[in-house]
Amino acid sequence: MKIPTNLYLLLLAVCGVCAADHKVSLKEGHEHQKVLQLPLVGKPRIAVIGGGAAGTSAAYFLSKHLPDASLTLYERSQRFGGRTWAIKVPVEDTEITVEMGASIIAEVNTFIRNASRELGLEIVDPSWSELEPSGTNKTTDPLAESLGIWTDSGFKFILSPSGISGWWSRFVMLYRYGFMNGPLKAIKVLEPMVENFISAYDKLLDGYGWAKVENMAGDLDLFHALSNSTYNFFRKVHGVSEFFVREFLGGIVRVTYTQQVDDITAFAGAISLFSGSEPMFKVQGGNMRVFKAMAESSNAAIRLNSPVTSIERLDSPTSLLKSVYAVTTGEGDTTEYDLVVLAVPRATGSISLKRIQVPKSISETTYVQVHVSVVVGRLSPAYFKLSRHTDIPYSIMVPSDTSDPSVVAVPFSSMSILARYPSTSSTPSETVVVKFFSEKNLDDSVLDSIFLERKTTIKHSWDDPGAYTRLGIVGTDTWDVPFEFEDGFYYVNSMESFLSTMETEVLSARNVVNLVREKLGRIR
């Protein structure tokens, strides 16, 4: 999900604020802890279940900090990456790589950034589209950062990146949202939250591990932001303008999570806004490559196409810990392990946990369905109530206001033009590659109203339970959730009820690995 990478900093500049003054400090993330050398007798057998961001990074960190452990990584599908998945879309005489899930990574995301570089992957600007020279992408197009706030009654406004029209549109935007209670106030509200959250990196890099979600949220001073909705926290508590919260912040939240500001936590809303103001990158060839590289560099025994059907805790007083865990796959084979790291959403319901106590709030975690549509074709200016196709902005956000019929009528949550190809004598309007995120499937009649012509249409529905968490306000029963359910049984997704991104899955995996390392260090 993509928003223009520099728009928010431009807003700050217009407010008379130096962008550098509003940059959260970036940690280089150097390792401080020593590798734990285990005794020759009793080296642990560890099963990591799930080949998404959480599971592959858990295997990666385990191999780095427990190099003598025997690791097995299970993944039910034939690929790594979970909800990171890139496809090749044919267009004109070439093809473009399109992220169908998690699309961009903030530069401040220490663990993914460092792993990408360590594993020799090329990281590039997210506006780079892997196009042949015949295509025009966001790097070279002067309109590349244009943004529109769209409802069914038309654009609220279009923010241009440069020139006289750019300055005018930014002035109009600030006038609409408020010079003092608009973007400037919003960023002052979010900065302490983000600073506190980023402090987690130093703790984790020093080997610290939080035993419970409550401990993590308390240490990072996030209780207030997690127990309020984005709308309530920014608008009612801190007085940020209604228009800004509904339209701009609400639009970013819908781009990032396909959810509403009235429902999503203030912390998730702040992270969405922060992501819109920070430098971004993506991995050339697809973000899933970093997780594939993590898995392959972990030296784990890799079991692709091996869905785990059950995990049973068995008493074993003679083992390394008090229990061992019998992991059974769909093929019917069962293997015992000393420790298990479960890195798949519990809501999948496909894994039976026997003699393992699961907290009630984990069992009741809910998820949203996200639809992705990629279309190669010619856009209809008339749909957007414009006279020229070249006036259609690259990025279109939809406000978060379920009481406004003109907002509810919009069939998508966000729209991004990934590439533009010039018009020719045979095609009077340009060919574009467009990606939509929506809460419902965009059927042919809807797409035909948006496009004059569709050459290629590719759809994907993230409808597996657990793909995208519904980040509702966190209740008191959610705080007391451990990362270790039983002795030696760890659940990486314990914090997903209040934030679920590529990086937080990796961060949570690192927390679990630190807990494992601490436990085995005590046994030694």
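The values are calculated or read from the model by the stated rules, or taken from the named source; none is laboratory data. Remember, it's a predicted structure, so these values are computed and weren't measured experimentally. No Cβ is skipped: glycine too gets one built from the backbone with ideal geometry, and neighbour counts run over all protein chains shown. Ligands, DNA and RNA are stripped out before the accessible areas are found, and what is left, the full protein with its side chains, is counted by its heavy atoms. Shrake-Rupley method; radii C 1.70, N 1.55, O 1.52, S 1.80 Å.
Here are some notes:
- Given (1) surrounded by 13 or more Cβ atoms within 10 Å (Cβ to Cβ); (2) farther than 30 Å from SER241 by Cα, number of the condition GLN357 does not satisfy: (1)
- Applying the criterion of being open to solvent by 70 Å² or more (accessible area, probe 1.4 Å) and over 13 Å from LEU418 (Cβ atoms) to the residues of the range 126-142, the residue that is modelled with the lowest pLDDT is PRO133.
- For ARG378, the stated conditions do not hold, so it cannot be described as in contact (Cβ under 8 Å) with a residue 60 or more places away in the chain, under 26 Å from PHE61 (Cα atoms), among the basic types (Lys, Arg) and buried (at least 16 other Cβ atoms within 10 Å of the Cβ).
- Some residue of the range 192-213 being open to solvent by 10 Å² or more (accessible area, probe 1.4 Å), more than 21 Å from GLU242 (Cβ to Cβ), in contact with a helix residue (DSSP H, G or I) (Cβ under 6 Å, 6 or more places away or on another chain) and not hydrophobic (A, V, I, L, M, F, W, C): yes
- From PHE179, PHE274, PHE233, residue being modelled with pLDDT under 95, in a helix (DSSP H, G or I) and of a type outside the set (Val, Ile, Thr): PHE274
- Residues (modelled with pLDDT of 95 or more and either touching a His at 6+ places or on another chain (Cβ under 9 Å) or of a type in the set (Gly, Ala, Ser) (or both)) located in the range 312-328: ALA326
- Checking each residue in the range 467-491 for being among the aliphatic types (A, V, I, L, M) and either open to solvent by 20 Å² or more (accessible area, probe 1.4 Å) or modelled with pLDDT of 95 or more (or both) picks out only ILE473.
- Where strands (runs of 3 or more DSSP E) fall wholly inside the range 303-407, the ranges with 2 or more residues that are within 28 Å of LEU273 (Cα to Cα) are 370-379, 395-397.
- Checking ASP262 against (1) more than 15 Å from the chain's Cα centre (by Cα); (2) under 28 Å from ASN109 (Cβ atoms); (3) part of a strand (DSSP E or B), the condition it does not meet: (3)
A quick yes/no check of all residues on (1) of a type in the set (S, T, N, Q); (2) at pLDDT below 90; (3) touching a Gly at 6+ places or on another chain (Cβ under 8 Å); (4) over 29 Å from LEU515 (Cα atoms):
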| site | (1), (2), (3), (4) |
| --- | --- |
| PHE291 | no, no, yes, no |
| PRO307 | no, no, yes, no |
| SER310 | yes, no, no, no |
| GLY330 | no, no, no, yes |
| VAL340 | no, no, yes, no |
| GLY349 | no, yes, no, no |
| LYS360 | no, yes, no, no |
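- Residue in the range 226-243 that is surrounded by the fewest Cβ atoms within 10 Å (Cβ to Cβ), counting only those that are of a type in the set (Gly, Ala, Ser) and closer than 22 Å to GLY178 by Cβ: GLY239
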